[in-house]
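K.L.:
After the structure tokens below, expect a handful of questions from me.
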Amino acid sequence: MQIATIEFGRNVLGLGEAHSTEFDPASPHPVIGLMNEQKQITDKGGTMRLGSQEVQLRLHSRAARLYGAFVIHERHRHRYEFNNAYRDRYEQAGFLLSGTSHGGALVELIELADHPFFLACQFHPEFQSKPDAAHPLFKGFIAAVHQQQHQKTG
């Protein structure tokens, strides 16, 4: 999700130097930044945003359809987040913030509604996927690929 946010900023919003402060602390467009509660931490052992976190999904989003729910719990392991100072700009350009946490403060999932399957998440769906029970996002991605292939050859 973080890299998708950077690329959308650069290529759709025209923010040529959009970046994460993890990679470029001096970026004029820090669309991804260190979480506020992480800024004073110097001893980083075990201090990330870890473990299962509640995520509220937006009604009528692809994510909500894939999960069949509006509240989910997903596992996290990170220090950097979407910079909410850019939220309106992104949303006005069609960047759907389809999952949030902490009362909407943290962006967890993004989508492009007019794309066959453009969805990226801040959390780690691979932690909850098994060979005989794929995670809803992985199942949705495979279904979208199958549908695209069928439309091309069918």
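K.L.:
Checking Phe117 against (1) free of Cβ contacts under 8 Å to residues at least 40 places away in the same chain; (2) in a loop (DSSP other than H, G, I, E, B): exactly one of these is not met. Which one?
P.N.:
(1)
K.L.:
Within the stretch 128-147, restricting attention to residues that are outside any helix (DSSP H, G or I) and either loosely packed, with under 12 Cβ neighbours inside 10 Å or hydrophobic (A, V, I, L, M, F, W, C) (or both), which residue is nearest to the chain's Cα centre (by Cα)?
P.N.:
Here the answer is Ala134.
K.L.:
Only residues that are closer than 17 Å to Ile32 by Cβ and surrounded by fewer than 16 Cβ atoms within 10 Å (Cβ to Cβ): list them for the stretch 102-111, please.
P.N.:
Listed by number, the residues that qualify are His102, Ala105.
K.L.:
Look through the stretch 63-104, keep the residues that are under 13 Å from the mean Cα position of the chain (by Cα) and among the hydrophobic types (A, V, I, L, M, F, W, C), and return whichever of them is farthest from Gly14 (Cα to Cα).
P.N.:
Ala63
K.L.:
Something else about it: Among the candidates Tyr67, Tyr90, single out the residue that is farther than 17 Å from Ile3 by Cα, surrounded by 13 or more Cβ atoms within 10 Å (Cβ to Cβ), at pLDDT 90 or above and of a type in the set (Phe, Trp, Tyr).
P.N.:
Result of the check over Tyr67, Tyr90: Tyr67.
K.L.:
Could you say whether any residue in the stretch 112-127 is loosely packed, with under 14 Cβ neighbours inside 10 Å, under 20 Å from Pro30 (Cα atoms), among the aliphatic types (A, V, I, L, M) and out of contact with any Asp or Glu (no Cβ under 7 Å at 6 or more places or on another chain)?
P.N.:
The answer is no; no qualifying residue exists.
K.L.:
Restricting to the stretch 93-116, name every residue that is among the charged types (D, E, K, R) and modelled with pLDDT under 95.
P.N.:
Glu108, Asp114
The values are calculated or read from the model by the stated rules, or taken from the named source; none is laboratory data. None of the values given here were measured: they were computed from a predicted structure. Note that we place each Cβ from the backbone using ideal geometry, even for glycine, and neighbour counts take in every protein chain shown.
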